[in-house]
Structures are given as C-alpha cells and as structure tokens.
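Peer 1: Next up is a structure, given as structure tokens.
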Amino acid sequence: MSRSQGRPGRRAVVFGSAVAGILALGVAGAPASAVPVEDPPAPDVLLDVTGPLFVVTRDFADPLQRPAEREVSVVVGDILVPIDPAAVGEAHSGDVFDGIVAVPTELALDLSRQAARAVEQADGVPLDGASDVGEEILELVEASGDALDVLDVETREAASPALTPLAHTLRIAVVSPAGATNGFATEAATDLASDAEAYWWGQSVQNITELRGPVLHYTSAYTCSAREVDFWVEALANFGIAQNLNQFIQGSAGAHVAVLLPAACENDQPLGVANVGDHAHDNGVSLVVLGQGLDRTVLVHELGHNMGLDHANVALCDDGAVAGCPVYEYAAVSRVRWARA
C-alpha cells in the first residue's frame, strides 16, 4: 500500500483587494482601462476515483532510441480513465487505485446542464467519480485520451494467489485492418504459439504447462491507426468471449488474446503492446506488428508482460536467439516468483 502526492492541478488565482487596487490604478496615473486585468484561470474539476488499474506498455523496434512507453488507466465501470503514470510508480494491472484526479476545465465544457450545475455547486470539493455526473465527466476524459494529473492517491496491490501449474490458452487473431491485408498463415501463427509455449514452459519452471489455442482470421472495422484497445475489444467479440475487456483482464485463468497486425501498420503502431499483469496466471491482451524480423521475440516478450513482468534494460534479439538472448530481460520489480516448492 502506498500513499503519494501527485502534481498539483491548476489553481484559481484570487487577488486581494490591495493588489486589485494597484492594478486598477494603472501606471503613472494612466486610466484603469490602460492596464487590462485578465480573468484568473478556472480551477480544475476534482473527482474522487476508485477502481482497478489497467497498465499497458508499448515496445518499439529500437529501445535505445525510443524507450518503452507506459500508460496507466483507472477502470471505472466500462470507462478507461488515463492518468499520469508517475503517480502510481510500479503498479500493475489489477492493483486498486483510490485517489483524487484533476480534470481540466476545458474538458468539462461539453457537459450537460445538470452536470455543469453539479460541478458549479461542488465549488472545488471532489465529486464522486462513480456518480452519474462523475461518469459523464470521465467519458469526456476517455474520449480526449489526455492523462489526468493525480493530486492524492492510495494504491493497493491485487491479491496474488499461490503459483501452481496451469495450462494457459493463447488465442491469436490475424487481423487485416481496414485498407490493409494480412497474409500471415494459420500455420505460421501456430508455429509462433508453439515457440512461445516452449519458451515460457522453461522460464516458468513448468508452471505454465501449455500455451496454445485457436487462430482466427478476420477483417477489422478499424484502420492501422486505431487504438490498441479497439483492436482488443473487437478480438474478444470475434472469439466469442462474453466478458468486456476490463472484466477479461481481471481474470486469472491464464487466458491470452494476441492481435497480429501486418507490416503495413508499422508506422501507426508500436512493435508490440501488452497490458502488464500482476500474476503469472493473469489473463492478458497483446498486439504485435509482424514483418520486422522479430515476430517470435516480440510475441514472447509481450506475453511476459501479461504474466506480470515489467522492463529492465530490454534489447530485442533476432528471432533465432529468443531462447538464449542475454539482454532479453524484465525488471526486478516483477512480483512473479517462478520457483516451485
């Protein structure tokens, strides 16, 4: 459990009567109108938000030139609320966030009349993020994609069950985005899964006994530039998984869904993206852009994020060196302990 202070949000400036009087006098007897007085900036809207975290890491082809990026959201109902990653440090998906976030006033301009009135009446007191008004505000935040400042936060680690051997499933979606074609064959996708299974069977000290599942080909409703969340939600639906994305990643059944995109998407997507789980058997989602000579390495690496492994000094090796790559490392902050009693 940790308690930390985030970056302060913008504050309204209140001028005392003496300062206001000086400003009104102007300079050397000039009329007051000669010295315009700008209105103070409006204060941020404060929300009290509680929910599990959804942590995603993005890996790029040259990590020395462009280090991995980390994005963190709080799950409130069906809403993903992006927040400043620095506010929660090394938190993993599933950890519980309880804190105050600052929503820039300009995002609240499109609120309904009822919600706007509630914000005005709150007068700086944090509103409940789970209320109707709070959810209306958070939906605008999600649509903007802008990470919110966190003013005060408490995080609690998700409960981690004992590690016992488990057969994982790996559903692979070979996706042709709108306007692009993905010719990756089912056999090639199955080979990727077999390589990943062999790697994680050894790395997990046989705690991951299997890592296999169906391969599905389909044309997406989204272009290469879509959010990875959109591809993941679409994949869950196409595989017939009834849970929404937030519910799916909270599970610990060792279920993985990997979206494989064609090389045509290399300028629109990172080399690989995945959520960072909390336990070796957590469910997870990932996305890999094919055709960069790193297909096996990237898929194996992203699956490791699903299993709760974070970054250390990562460098990607060619596909022929996955099993023994000396710099293919994850961070020591991982909560995964592979040793078996």
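Peer 1: Residue under question is Gly304, and the condition is that it be open to solvent by 10 Å² or more (accessible area, probe 1.4 Å) and either at pLDDT below 95 or farther than 22 Å from Pro165 by Cα (or both); does it hold?
Peer 2: No; evaluated as a whole, the condition is false for this residue.
Peer 1: Could you look through region 291-301, keep only residues that are open to solvent by 10 Å² or more (accessible area, probe 1.4 Å) and in contact (Cβ under 8 Å) with a residue 60 or more places away in the chain, and pick out the one that is nearest to Thr164 (Cα to Cα)?
Peer 2: Taking the candidates together, the pick is Arg296.
Peer 1: In this structure, is Glu69 under 30 Å from Leu192 (Cβ atoms), of a type in the set (Asp, Glu) and open to solvent by 50 Å² or more (accessible area, probe 1.4 Å)?
Peer 2: Here the answer is yes, as Glu69 does meet what is asked.
Peer 1: Being of a type in the set (Gly, Ala, Ser), surrounded by fewer than 22 Cβ atoms within 10 Å (Cβ to Cβ) and over 15 Å from Asp48 (Cβ atoms) is the filter here; which residues of region 80-127 pass it?
Peer 2: Hits for region 80-127 are Ala86, Gly89, Ala108, Ser112, Ala115, Ala116.
Peer 1: Hey, another quick one. Checking the conditions here, which among Ala198, Ala159, Ala178, Ala143 is out of contact with any helix residue (DSSP H, G or I) (no Cβ under 8 Å at 6 or more places or on another chain), open to solvent by less than 60 Å² (accessible area, probe 1.4 Å) and either small (Gly, Ala, Ser) or at pLDDT below 95 (or both)?
Peer 2: Criteria check complete, one pass: Ala178.
Peer 1: If you don't mind, there's one more thing I want to ask. Go through the residues of region 211-218 one by one and say whether even a single one is in contact with an Asp or Glu (Cβ under 7 Å, 6 or more places away or on another chain), in contact (Cβ under 8 Å) with a residue 12 or more places away in the chain and under 27 Å from Val96 (Cβ atoms).
Peer 2: The answer is no, given that none of the residues of region 211-218 is in contact with an Asp or Glu (Cβ under 7 Å, 6 or more places away or on another chain), in contact (Cβ under 8 Å) with a residue 12 or more places away in the chain and under 27 Å from Val96 (Cβ atoms).
Peer 1: Answer yes or no: is there a residue in region 38-50 that is farther than 30 Å from Pro161 by Cβ, β-branched (Val, Ile, Thr) and open to solvent by 20 Å² or more (accessible area, probe 1.4 Å).
Peer 2: No, region 38-50 contains no residue that is farther than 30 Å from Pro161 by Cβ, β-branched (Val, Ile, Thr) and open to solvent by 20 Å² or more (accessible area, probe 1.4 Å).
Peer 1: Also: Could you list, in sequence order, all residues of region 262-290 that are touching a strand residue (DSSP E or B) at 6+ places or on another chain (Cβ under 8 Å) and in a loop (DSSP other than H, G, I, E, B)?
Peer 2: Once the filter is applied, which keeps residues that are touching a strand residue (DSSP E or B) at 6+ places or on another chain (Cβ under 8 Å) and in a loop (DSSP other than H, G, I, E, B), region 262-290 yields Pro262, Glu266, Gln269, Pro270, Leu271, Val276, Gly277, Ala280, His281, Asn283, Leu290.
Peer 1: Another question, if that's okay. Can you tell me how many residues in region 242-261 are surrounded by fewer than 18 Cβ atoms within 10 Å (Cβ to Cβ) and touching a helix residue (DSSP H, G or I) at 6+ places or on another chain (Cβ under 9 Å)?
Peer 2: The qualifying residues number 3.
Peer 1: If you take the residues in region 204-232 that are over 17 Å from Ser176 (Cβ atoms) and within 21 Å of the chain's Cα centre (by Cα), which one is surrounded by the fewest Cβ atoms within 10 Å (Cβ to Cβ)?
Peer 2: Arg227
The values are calculated or read from the model by the stated rules, or taken from the named source; none is laboratory data. In this text the structure is predicted, and so the values were computed from the model without any measurement. We place every Cβ from the backbone using ideal geometry, glycine too, and count neighbours over all the protein chains shown. Please note that ligands, DNA and RNA were not included when accessible areas were found on the heavy atoms of the full protein model with its side chains. Shrake-Rupley method; radii C 1.70, N 1.55, O 1.52, S 1.80 Å.
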